[in-house]
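Heads up: the structure comes next, in structure tokens.
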Amino acid sequence: MDEPVAEERLGMAGHALYMSTTPKIEGYECKDIHCFKAIYEEWIDLLTELAKQWKQGGDFPWWYNERASLSLFAGAIWLAGGHCLEEYSEKKREIRRQTHRLGNPYTGRIDLYFSWHRFDFIAEAKATWSGFTHGNKSARHRLVGGLKEARNAIRGAEPDRRQRRLAILFARPYFKKRAEERIDELLNTWVASLADLDTSSYAWGFPQCVRHKYADDGNCYPGEAVLIREVWK
């Protein structure tokens, strides 16, 4: 497992529901990309099923890196009826450090292409840990930074006229042992904070069977969210 940096089938859950102390185990907000509902449902099912299968060994699919999380998301697309291509070669353009403008072309790789609902999408993905033991606003900066990094990565891609570009961030909240009795409350607050991020669509899954299980390092890593932002320029 990578070292983290310190610091319900609910459908389209309303933000007012987040104030409840009952944890929203799973859910999604399709926002500007309404067609992702079926993909999110398959993704949540995959997280839940693998959590059940792996819990005896004390291992979970969201404990790994960006590439592992992306493979599960791609699997959800296939299960929903879409088609995917991962880690393929394609022309990209560098992002100039000082101006942030597009520079010279080069041969790079695109993390994910998928066809879904008569649309073609290309995406770059990143992953980040989100420490939330104190439930403060500092965790938001890590999510904002991760989305920005993914956005910069996909900006360099040169889509054809049929393709839509996506920045994807896999975000994993974690809690230290002293927060054990408050995890459900903190999870609700963390999920509620996602609504304030500049995203086009997002989903989250915290399987009930493992939501309070602690790793050997003494931290609890209850699940994962996938945050998606469409990039236009």
How large is the charge dipole for region 109-233, taken about the Cα centre, if only the Cβ atoms of Lys, Arg (+1) and Asp, Glu (-1) carry charge, to the nearest 20 debye?
340
Above 20 angstrom, tally the Cα pairs of region 25-231 and express them as a % of all pairs, no decimals.
57
Residues I228, I77 arranged by fewest to most Cβ contacts within 10 Å
I77, I228
How high is the relative contact order of region 25-231, in percent, with contacts defined as C-alpha pairs under 8 Å that are six or more residues apart?
24
Fewest-first ordering of R151, R109 by Cβ atoms within 10 Å yields R109, R151
Take K233 and R182, extend 7 Å from each Cα along the Cα→Cβ direction, and tell me the distance between the two endpoints in nm.
4.4
Counting other beta carbons within 10 Å of each Cβ, put F73, F206 in order, fewest first.
F73, F206
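No value in this document is a laboratory result; all are computed from the given coordinates. Here the structure is a predicted model, which is why all the values come from computation and not from measurement. Every residue, glycine as well, gets a Cβ built from its backbone with ideal geometry; the counts of neighbours run over all protein chains shown.
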